[in-house]
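Asks: Take a look at this one; I'll ask things after.
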Amino acid sequence: MTLNKSTRYALYAAMEMAQAGGRSVTVAQVARRYRIPAGALAKVFQQLVRSGVAAGTRGIGGGYRLAKPATRLTILDLIAIYEPPRDAGRCLLADRAERPCDDFPACRLRRLFDEVDEVARCTLQSVTLETLVRRPLPQTDRRPGAA
């Protein structure tokens with residue numbers, strides 16, 4: 001699965017807002033932490049506000065915070081703001097919008113990709129923003145020679 005830059009930036013922004021609890025985060029803070037352009041991130045925050053995910057406060061001490069509890073926002077909710085779902089009946093193997101092949105209804109590859117899409121969608125819908133930010137990161141063994 002490939003996500004466009006705006007989607008990735010939105011996920012970073014949402015994670016930072018969730019980790020901040022009720023405190024506001026600024027575009028500059030998130031941009032600096034993830035090394036992303038502040039101008040592009042500002043547009044992402046504006047879209048998050050328009051979609052009802054974030055609320056913004058202007059002025060000194062301002063910034064952005066989640067408009068909904070992190071327990072009610074799924075990763076799929078965030079991705080869906082920027083990534084349109086694949087049209088039902090559209091083949092992933094087609095180079096462009098074209099009429100389905102003659103074997104489309106019985107195509108084994110189409111069925112496989114439809115199943116993979118459904119599993120991915122269900123997984124992303126089952127993970128809330130709260131779960132994502134509260135899940136401990138796996139420990140890595142950094143000893144020399146460790147695999």
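Computed from the coordinates by the stated procedures, all read-outs in this text should not be read as laboratory data. If you're wondering where the values come from, they're calculated on a predicted model, not measured in any experiment. In this analysis, Cβ positions are derived from the backbone assuming ideal geometry, glycine residues included, and neighbour counts consider all displayed protein chains.
Asks: Report the charge-dipole magnitude of segment 1-81 in Debye, nearest 20, computed about the Cα centre from +1 at each Lys and Arg Cβ and -1 at each Asp and Glu Cβ.
Replies: That gives a dipole near 140 debye.
Asks: Mind running the shape call on segment 45-86? Use the C-alpha gyration tensor, a ≥ b ≥ c as the square roots of the eigenvalues: rounded below 1.5 for a/c, prolate if a/b tops b/c, oblate otherwise.
Replies: oblate
Asks: Something else now. Pull out a ≥ b ≥ c, the square roots of the eigenvalues of the alpha-carbon gyration tensor of segment 1-41, then state rounded if a/c is under 1.5, prolate if not and a/b is larger than b/c, and oblate in the remaining case.
Replies: Cα axes put segment 1-41 in the oblate bin.
Asks: Please go through segment 1-32 and write out the trypsin sites (Lys or Arg not before Pro) that DSSP classes as loop and that have at most 14 other C-beta atoms within 10 Å.
Replies: Taking segment 1-32 and a limit of 14 other Cβ atoms within 10 Å, the loop trypsin sites (Lys or Arg not before Pro) found are Arg23.
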